[in-house]
Amino acid sequence: MKISECDVLILPGLGGIKPGHWQTRWAERMATAAIVEQADWWEPEADDWVATIDQACRLTSRPVVLVAHSTSVSAVVHAAPRLPGNVRGAFLVAPTDVELSPAAPEATYVFRPIPRDPLPFPSMVVASSNDPYVSLDRAVEFANCWGSDFHQAGEAGHINVDSGHGPWPEGLLMFTRLMQRL
């Protein structure tokens, strides 16, 4: 599938996204991309985040590909069973382990437990070997449970602006690989 043939819904994590973040850059550069705004970026309510993602998917009649970062990965896997059939795939970057990571902010605990059911659409999990919010073993476990392809991004931190990932061209290449499967 080509990017021009679908709506790319960008789902930032806790706190929204900083200027220069790769998700912001993708939204600015992809004509069919939009950032999904949550009601409260700092004190999420799981049901609200899930409902917002579901509603955003239902507001388009075109195929949808989700691009989630951090806490929004948990929101996507919670939302997955109820999402409409036009959701064709998900690119899941730097999932926050809201169950076991001592660094996970308490505000993310609303997404416990993390669903382990296979996702009803193709997906790819991208994680780094030194992410403070998820161990590589847990990221692999999540990918296996969800039926996702897995890509190890090396020592890339939380794959955000703070870890030096503004443009993140490697991520765009991985996203392209997912799109080729859809």
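The values are calculated or read from the model by the stated rules, or taken from the named source; none is laboratory data. Because the structure is predicted, anything quoted here is derived from the model rather than measured. Glycine also receives a Cβ, built like all others from the backbone with ideal geometry; neighbour counts cover every protein chain displayed. Note: areas computed on protein heavy atoms with side chains; ligands, DNA, RNA excluded. Shrake-Rupley method; radii C 1.70, N 1.55, O 1.52, S 1.80 Å.
Inter-part distance, segment 54-100 to segment 140-162, computed on C-alpha centroids, equals 15 Å. Dividing the C-alpha radius of gyration of segment 69-156 by 2.2 N^0.38 Å, with N its residue count, gives 1.00. Of the solvent-accessible surface of segment 83-148, computed with a 1.4 Å probe and all protein chains present, 53% belongs to carbon and sulfur. Computed from phi, the 3J(HN,Hα) profile of segment 60-65 under the Karplus parametrisation 6.51, -1.76, 1.60 (θ = phi - 60°) reads 10, 9, 8, x, 10, 10 Hz, with x in place of Gly and Pro. Per residue, the chain exposes 44 Å² of solvent-accessible protein surface, assessed with a 1.4 angstrom probe and all protein chains in place. FRET efficiency for the residue 180 to residue 43 pair, using the beta carbon distance and R₀ = 35 Å, is estimated at 0.40. From the largest down, segment 1-88 spans 34, 32, 17 angstrom on the principal axes of its Cα atoms.
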